[in-house]
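Peer 1: Let me give you the structure first, and then I'll get to my questions.
The values are calculated or read from the model by the stated rules, or taken from the named source; none is laboratory data. For clarity, every value in this text was computed on a predicted model and none was experimentally measured. Note that we place each Cβ from the backbone using ideal geometry, even for glycine, and neighbour counts take in every protein chain shown.
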Amino acid sequence: MAAGRSGDSKEGGREAPPPPTQVRQDEDSLRSLSVAYATAVDGRDGVALASLFEVDGALVVPDYPSDLRPVIVRAGREALERIPDGLRRYDRTFHAVSNQSYVVDGDRARGEVLCMAHHLSATGAYGSSAPADGPAHRPADRPAGIDAVWFIRYLDAYHRSDSGWKFVRRELHLQWVEERPVKVLGAAGAAGAVGRAPSDQP
């Protein structure tokens, strides 16, 4: 057990709280876990996504549009790896993680994470880029795409193992959905492009 975790020492018969540096490290690791989740989903990388969960971990999602509550359980490595397949009906997605709060208790933690998840469907007005004659020639009533924006509150349970923090359970509580027209589409970013030299990027 790493130094500084709750329960490593006792003061007057009570467990000593972890030092502030350990709390900050744990919270930073948990924030990184949520960012890694968003990156894996947007990159359609099921293996990377499943690796963020315990072996028997679960993601619970809504039965949208009939039910915005988390009611469908995807548990276990195989089921988690297939989750990005359900997003292939969209041309691309963009999960923007915002407010996050955590309560850490030794090797267990709980968290609330807010996210705006963009789900883009191209209309075919341009495809992935504007034509040579420019956007002025696009019909005014024909957007380049439609963005279905999910406003999400994730309620999470985590466990710290020898390989670091993992999701035990993540519940997706869908708050509301907006649909927005998209004026111009740029080229889709390549998954795994971080760290490449500009000349190496497609």
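Peer 1: When you scan the range 90-107, how many residues do you find that are in contact (Cβ under 8 Å) with a residue 60 or more places away in the chain and closer than 18 Å to SER29 by Cα?
Peer 2: Keep residues of the range 90-107 that are in contact (Cβ under 8 Å) with a residue 60 or more places away in the chain, which gives 91-92, 97, 100, 102, 104-107.
Still in the running and closer than 18 Å to SER29 by Cα: 97, 100, 102, 104-107.
Number of matching residues: 7.
Peer 1: If we keep just the residues of the range 4-35 that are modelled with pLDDT under 60 and under 30 Å from the mean Cα position of the chain (by Cα), which is nearest to ALA50 (Cα to Cα)?
Peer 2: ARG5
Peer 1: Please go through the range 27-45 and pick out each residue that is without any contact (Cβ under 8 Å) to a residue 40 or more places away in the chain and in contact with a Leu (Cβ under 7 Å, 6 or more places away or on another chain).
Peer 2: Listed by number, the list holds a single entry, ALA36.
Peer 1: Can you say whether ALA122 is surrounded by 12 or more Cβ atoms within 10 Å (Cβ to Cβ), small (Gly, Ala, Ser), at negative phi and at pLDDT 95 or above, as far as the supplied structure shows? Quick ask: steps written out before the conclusion?
Peer 2: Values: surrounded by 12 or more Cβ atoms within 10 Å (Cβ to Cβ): yes; small (Gly, Ala, Ser): yes; at negative phi: yes; at pLDDT 95 or above: no.
So ALA122 does not fit the description; no.
Peer 1: Let me ask another. Going through the range 77-99 one residue at a time, which ones are more than 24 Å from GLY145 (Cα to Cα) and either of a type in the set (D, E, K, R) or touching a Phe, Trp or Tyr at 6+ places or on another chain (Cβ under 9 Å) (or both)?
Peer 2: ARG77, GLU78, LEU80, GLU81, ARG82
Peer 1: Please determine whether any residue of the range 166-184 is modelled with pLDDT under 50, out of contact with any strand residue (DSSP E or B) (no Cβ under 7 Å at 6 or more places or on another chain) and not small (Gly, Ala, Ser). Steps first, please.
Peer 2: Narrowing the range 166-184 to residues modelled with pLDDT under 50: none.
Scanning the range 166-184, I find no residue that is modelled with pLDDT under 50, out of contact with any strand residue (DSSP E or B) (no Cβ under 7 Å at 6 or more places or on another chain) and not small (Gly, Ala, Ser), so the answer is no.
Peer 1: For the range 151-178, what are the residues that are within 16 Å of ALA96 (Cβ to Cβ) and either of a type in the set (Phe, Trp, Tyr) or buried (at least 18 other Cβ atoms within 10 Å of the Cβ) (or both)? Please lay out each step first, then the result.
Peer 2: Of the residues in the range 151-178, the ones within 16 Å of ALA96 (Cβ to Cβ) are 151-154, 172, 174-178.
Answer for the range 151-178, where residues must be within 16 Å of ALA96 (Cβ to Cβ) and either of a type in the set (Phe, Trp, Tyr) or buried (at least 18 other Cβ atoms within 10 Å of the Cβ) (or both): PHE151, ILE152, TYR154, LEU172, LEU174, TRP176.
Peer 1: For residues that are in contact with a helix residue (DSSP H, G or I) (Cβ under 9 Å, 6 or more places away or on another chain) and in a strand (DSSP E or B), scanning just the range 165-188, find the one that is farthest from VAL60 (Cα to Cα).
Peer 2: Taking the range 165-188 and keeping what is in contact with a helix residue (DSSP H, G or I) (Cβ under 9 Å, 6 or more places away or on another chain), we get 165-167, 170, 183-184.
Filter once more, so that each one left must be in a strand (DSSP E or B): 165-167, 170.
On the way: TRP165: 19, LYS166: 15, PHE167: 12, ARG170: 6 Å.
Ranking the candidates gives TRP165 first.
Peer 1: Keeping to the range 65-98, report how many residues are under 26 Å from THR123 (Cβ atoms), surrounded by 13 or more Cβ atoms within 10 Å (Cβ to Cβ) and over 15 Å from the mean Cα position of the chain (by Cα).
Peer 2: 3
Peer 1: Would you pick out the residues in the range 73-100 that are hydroxyl-bearing (Ser, Thr, Tyr) and in contact with a helix residue (DSSP H, G or I) (Cβ under 8 Å, 6 or more places away or on another chain)?
Peer 2: Within the range 73-100, THR93 is the sole residue that qualifies.
Peer 1: From the list ALA193, ALA136, which residue is modelled with pLDDT under 90 and either under 16 Å from VAL41 (Cα atoms) or of a type in the set (Val, Ile, Thr) (or both)? Spell out the reasoning first.
Peer 2: Details: ALA136 fails: either under 16 Å from VAL41 (Cα atoms) or of a type in the set (Val, Ile, Thr) (or both).
The conditions single out ALA193.
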